[in-house]
1. Return one whole number: the accessible area per residue of the stretch 93-153 in Å², for a 1.4 Å probe.
2. For the residue pair residue 99 and residue 27, what label-to-label distance in nm results when each label sits 7 Å from Cα along the Cα-to-beta-carbon direction?
3. In whole percent, how big is the carbon plus sulfur part of the accessible area of the chain, probe 1.4 Å, protein atoms only?
4. Show that you can apply the helix-only estimate: for the chain, add -39,500 (n - 2.57) for every DSSP H stretch of four or more residues, divide by all residues, and state [θ] at 222 nm to the nearest 500.
5. What length, rounded to one decimal in nm, is gained on full extension from residue 2 through to residue 39, with 0.36 nm per residue of separation minus their alpha-carbon distance?
6. 5 Å is the cut-off here: which amide hydrogens, built 1.01 Å from N in the peptide plane, fall below it relative to residue 143, excluding neighbours closer than 5 in sequence?
7. Looking at the chain, identify the longest residue range that excludes and avoids all GluC sites (Glu not before Pro) in DSSP loops having at most 10 other Cβ atoms within 10 Å.
8. So how much slack lies between residue 177 and residue 164, counting 0.36 nm per residue of separation and subtracting their Cα-Cα distance, in nm?
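The values are calculated or read from the model by the stated rules, or taken from the named source; none is laboratory data. Owing to the predicted nature of the structure, the values given are computational and were not obtained by experimental measurement. Note that each Cβ is placed from the backbone with ideal geometry, even for glycine, and that neighbours are counted across all protein chains shown. Side chains included, ligands, DNA and RNA excluded: accessible areas come from the protein's heavy atoms. Shrake-Rupley method; radii C 1.70, N 1.55, O 1.52, S 1.80 Å.
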Amino acid sequence: MNNIEALLEQVRAAAAESENLQDPIDSKSLADAEQKLGFRLPPLLAALYATVGNGGFGPNDALLELCDADPSDGTDTALGEYLTLAIPGGTDPWWRWPAGVLPILDWGCGRLACVDCQSEDETVLLFEPNAIEGGYVAAAWFVDSPSLADWLQTWLDGRGWYEADLDDDDSDMQPWSDAASRL
């Protein structure tokens, strides 16, 4: 068993404890979502949705569904969030969302955990809109974890910045250096 398979086993075991866990998505739903997104999900992220569940696990048991299992239930999905955020301009001419950066978890207050689906390691980013100054959207992007695998392991180990017993000072997130060039 390789490291990714071992990690997926740990995630499946932890996810089984969640009351919010959704059934995994099938390969057709995954392919349809990727077609709508305009890019393929990186391997670990795709495996999470296909073998663990279509959301409802992870930090705060709040990983977003990739796509609606029941389109009538009105839940927010990673696909829906991306398609909404990726619309250029809108009412704010300075607004930009980086291509291939998929929201996977809504922390509230506009903050989103996102996976950079264009990065080899599936970098996890934090979008913090309160950091935007004067329309400079690049200031809102931080590296939460260099890889999705590390981010998941941090959650499994109870070491995430979002843990109740950790001080805000325990977070040393650095700005995402690619933000300006990707916006």
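1. Here the residues of the stretch 93-153 average 39 Å² of exposed surface.
2. Spacing of the two 7 Å Cα→Cβ label points: 2.8 nm.
3. 47 percent
4. After summing the helix terms and dividing by the residues of the chain, the value is -7500 deg cm²/dmol.
5. 10.7 nm
6. 126, 174, 176
7. After excluding every exposed loop site, the longest remaining stretch is 20-119.
8. Taking 0.36 nm per residue and subtracting the Cα distance, the gain is 1.8 nm.
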